[in-house]
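Encoded as structure tokens, the structure appears first; notes follow it.
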């Protein structure tokens, strides 16, 4: 396909600057986004045994609720029940301790003090107050915000920043496609490895970019819609709602009010939503029956869901009438299907674990795409020594800054995430009185991430690259080693992965092998790099 030369020239300029401006932010978001496909598994992997109480049968929920409400009056108003939930795996019943004053409901409570309850083998009540491990949720926040702190309204500032970044991202995708169109068929699968590093990174960048192009279009468009959905919905409401909607009439509950029967309620839900599995039910305002509400999270691998792993059904549990199923995918309107598809295509929540693994690969591939784009920009601007007798050229400062920042931030992000995973596992051993493991995750991530950037600027990208890669290898190897030590020396207080989560340790070993290969390549390049170049 022929494209005018001036169009390609302008497209290259736009692609270069849109890519280099957004590349590091997108690397962090895509790396964390790939991992967040299994965020609940990661949280469970990082959760100590004392935060996981034994499950109970459906018939035992009513006795559990009665015993809890007798001792903890706050649960007369609200509580949550969990049934084989990927996200809420800690206990059959839980409730939150009151939030501190001026705590925004939309903020993440880092202390995360939750009350957990179950019945033991003798049907006696067992209650624990725990600082629940939220490793996976924190990785998800890294995915949404690139680690940019602060809130604005009920969104984090990072979400709005990433929405703007995704406009540049979309521009880079479109201009990249224009650049490739004339040579697409010839160069698609051509990866020319050799002394010309610029050609190698260009080929690798093009193959990954074109192969995953539809995926990247979906992600860029959906991120923008997520960040500004309040604005979109308000605009739609003004167009559709000509008059202010009247407040619905107050609900009247027939006397006497019967206590909730959880087993019967589960049967009723399954009858009206047979395609789904009940994950959890959150009850609120139970002390005022007219205002009482139940929020049911349901999961099905065959449906396009609104949340990462759930569709929602809401109703008053005291009303004896058919449940409202309008929010379910099986009963969605055409307009709701459009909105739902935005969420589902971004979250990859349809098709079960096969889709999740595919999105994990595409997410990590996206991270490589942005990293290779930055390296390509650097390679294109390196000054090389023309002959042995001439003096080594002095590299441009902007190229050196981008090189240091790319290596420090991109590899620093990986190093920080895996380090926080390791530190979290050993936190309870090193400090038995640890009260907030989530603070430990946060502080360890930012400390390692920022130190990696500082170190890259201090020693230069060429020296920092193999050293950071080797540090990542060491930490990745320590993750499965920790589980092995826990099996051999259980008295230390660390815990081994449960059988269903051993794949995380195996994935860490495979990743370590891959990063060893990266390390050897980086050392080889450092050894053979010309004097006074960035990679020497």
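The values are calculated or read from the model by the stated rules, or taken from the named source; none is laboratory data. Values in this document were obtained by computation on a predicted structure and should not be read as measured data. For neighbour counting, all protein chains shown are included, and Cβ atoms are generated from backbone atoms with ideal geometry for every residue, glycine included.
Only one of (1) surrounded by fewer than 21 Cβ atoms within 10 Å (Cβ to Cβ); (2) without any contact (Cβ under 8 Å) to a residue 40 or more places away in the chain; (3) not in a loop (DSSP other than H, G, I, E, B) fails for residue 364. Which number is that?
Against the list (1) surrounded by fewer than 21 Cβ atoms within 10 Å (Cβ to Cβ); (2) without any contact (Cβ under 8 Å) to a residue 40 or more places away in the chain; (3) not in a loop (DSSP other than H, G, I, E, B), residue 364 comes up short only on (2).
Would you call residue 19 farther than 30 Å from residue 310 by Cα, outside the structural domain of residue 453 (by TED's automatic domain parsing) and in a helix (DSSP H, G or I)?
For residue 19, the condition - farther than 30 Å from residue 310 by Cα, outside the structural domain of residue 453 (by TED's automatic domain parsing) and in a helix (DSSP H, G or I) - is met.
Given the criteria assigned to a helix (DSSP H, G or I) and either surrounded by 13 or more Cβ atoms within 10 Å (Cβ to Cβ) or at positive phi (or both), does residue 453 qualify?
For residue 453, the condition - assigned to a helix (DSSP H, G or I) and either surrounded by 13 or more Cβ atoms within 10 Å (Cβ to Cβ) or at positive phi (or both) - is met.
Do we have residue 326 as closer than 30 Å to residue 269 by Cα, surrounded by fewer than 22 Cβ atoms within 10 Å (Cβ to Cβ) and at pLDDT below 85 here?
yes
Residue 348 passes all but one of (1) touching a residue at least 60 places away in the same chain (Cβ under 8 Å); (2) on the phi < 0 side of the Ramachandran plot; which number fails?
(2)
Could you tell me which of the residues 514, 468, 520, 487 is out of contact with any strand residue (DSSP E or B) (no Cβ under 9 Å at 6 or more places or on another chain) and either buried (at least 18 other Cβ atoms within 10 Å of the Cβ) or outside any helix (DSSP H, G or I) (or both)?
Residue meeting the stated conditions: 468.
Among the numbered criteria (1) in a helix (DSSP H, G or I); (2) modelled with pLDDT under 95; (3) within 30 Å of residue 52 (Cα to Cα), which one does residue 497 miss?
It fails just one condition, (1).
Just name the residue that is surrounded by the fewest Cβ atoms within 10 Å (Cβ to Cβ) out of those in region 490-511 that are over 24 Å from the mean Cα position of the chain (by Cα) and free of Cβ contacts under 8 Å to residues at least 60 places away in the same chain.
In this case the residue turns out to be 491.
I need the full set of residues from region 81-97 which are part of a strand (DSSP E or B) and either at pLDDT below 95 or more than 17 Å from residue 120 (Cα to Cα) (or both), in order please.
Correct list: 95, 96.
Go through (1) modelled with pLDDT under 90; (2) under 28 Å from the mean Cα position of the chain (by Cα); (3) surrounded by 18 or more Cβ atoms within 10 Å (Cβ to Cβ); (4) part of a helix (DSSP H, G or I) one by one and return the number of the condition residue 379 breaks.
All conditions pass for residue 379, except number (2).
Right, residue 151: surrounded by fewer than 16 Cβ atoms within 10 Å (Cβ to Cβ) and either at pLDDT 90 or above or not assigned by TED's automatic domain parsing to the domain that holds residue 293 (or both) or not?
yes
For region 526-536, give me each residue that is touching a helix residue (DSSP H, G or I) at 6+ places or on another chain (Cβ under 8 Å) and assigned to a helix (DSSP H, G or I).
Result: 526, single match.
So in region 131-152, with the set limited to residues that are assigned to a loop (DSSP other than H, G, I, E, B) and touching a residue at least 24 places away in the same chain (Cβ under 8 Å), which one is nearest to residue 37 (Cα to Cα)?
The selected residue is 134.
For residue 430, state whether it is at pLDDT below 95, surrounded by 15 or more Cβ atoms within 10 Å (Cβ to Cβ), closer than 23 Å to residue 508 by Cβ and out of contact with any strand residue (DSSP E or B) (no Cβ under 8 Å at 6 or more places or on another chain).
Here the answer is no, as residue 430 does not meet what is asked.
Only one residue in 138, 173, 119 is crowded, with 16+ Cβ neighbours inside 10 Å, over 29 Å from residue 418 (Cα atoms), in the same structural domain as residue 370 (by TED's automatic domain parsing) and modelled with pLDDT of 80 or more, so which one is that?
The conditions single out 173.
Which condition breaks for residue 438 when tested against (1) assigned to a helix (DSSP H, G or I); (2) surrounded by fewer than 17 Cβ atoms within 10 Å (Cβ to Cβ); (3) in contact with a strand residue (DSSP E or B) (Cβ under 9 Å, 6 or more places away or on another chain)?
Of everything listed in (1) assigned to a helix (DSSP H, G or I); (2) surrounded by fewer than 17 Cβ atoms within 10 Å (Cβ to Cβ); (3) in contact with a strand residue (DSSP E or B) (Cβ under 9 Å, 6 or more places away or on another chain), residue 438 misses just condition (2).
Would you mind finding the one in 316, 285 that is loosely packed, with under 15 Cβ neighbours inside 10 Å and over 16 Å from residue 85 (Cα atoms)?
285
Test residue 200 against the criterion of being farther than 17 Å from residue 27 by Cα, in the same structural domain as residue 24 (by TED's automatic domain parsing), modelled with pLDDT under 90 and buried (at least 18 other Cβ atoms within 10 Å of the Cβ), and give yes or no.
Yes: the conditions hold for residue 200.
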